[in-house]
Amino acid sequence: MTGNPPSTKECISCSQDILLSSSKCHHCGDTQNIGTKTLGYYSMVIGFIITVCSLITLATAAMKEHILNKQPNVNGVVMGGEGRDIQFTLFNSGNAPAIIVGSTVTYQDSDKNSITRVLNSKDLPTIIAENKHHLVNASGSSKGNLPSQAMFGIESTSTIGNPMKELCALEVTYRDLESNEFTIPIMYKCLPG
């Protein structure tokens, strides 16, 4: 008994009978070419893997850039002082903490000699977080007074009528988290020491 070749085949997805020559099942709408179906599946998987790898690469680069560029940025202002004491505020506008390790005041005495005085403070060393400020109360480490801060509009005059206002420098030394050291000058008007 010789039979005629079959005129139908079974759908590879829904198992319903479809015409032998059909490339798409009229029941479920699935493509019948196994190679095309497999290729489409693998293309989707490979595309997904490439997308995930690309996102990981971009995220890693962005994180590395953010971490490597973390730096403190300390600025300050002298608030006042009297005798051996000085008060100043420090502000860290950077994106990493700053470790304040020391400070000095440099000024000229009445003989125009440059003098640098190390400041002592129970407030130092201290850590200033990013976008935070810190008030420091300090004292000169050696005998003698620091120059007084000249208040706005107040000037001392010498016997010949010349203003005696000087420019003093408060220098603050700080470190970043990698122990790199920085020194910033904070200039302020002062009366001679």
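The values are calculated or read from the model by the stated rules, or taken from the named source; none is laboratory data. Since the model is a prediction, treat every value here as computed from it, not as a measurement. Note: ideal-geometry Cβ built from the backbone for every residue, glycine included; neighbour counts use all protein chains shown.
Here are some notes:
- Spans of strands (runs of 3 or more DSSP E) in the range 78-131 with at least 2 residues within 28 Å of the chain's Cα centre (by Cα): 85-92, 98-108, 126-128
- Scanning the range 96-114 for residues that are touching a Lys or Arg at 6+ places or on another chain (Cβ under 7 Å) and of a type outside the set (Ser, Thr, Tyr) returns Ala96, Ile99, Val101, Val105.
- Residues satisfying the stated conditions in the range 39-77, i.e. of a type in the set (Lys, Arg) and not in a helix (DSSP H, G or I): Lys70
- Test: residue in the range 37-60 that is in contact with an Asp or Glu (Cβ under 9 Å, 6 or more places away or on another chain), at pLDDT below 80, of a type outside the set (Ser, Thr, Tyr) and farther than 30 Å from Arg175 by Cα: yes
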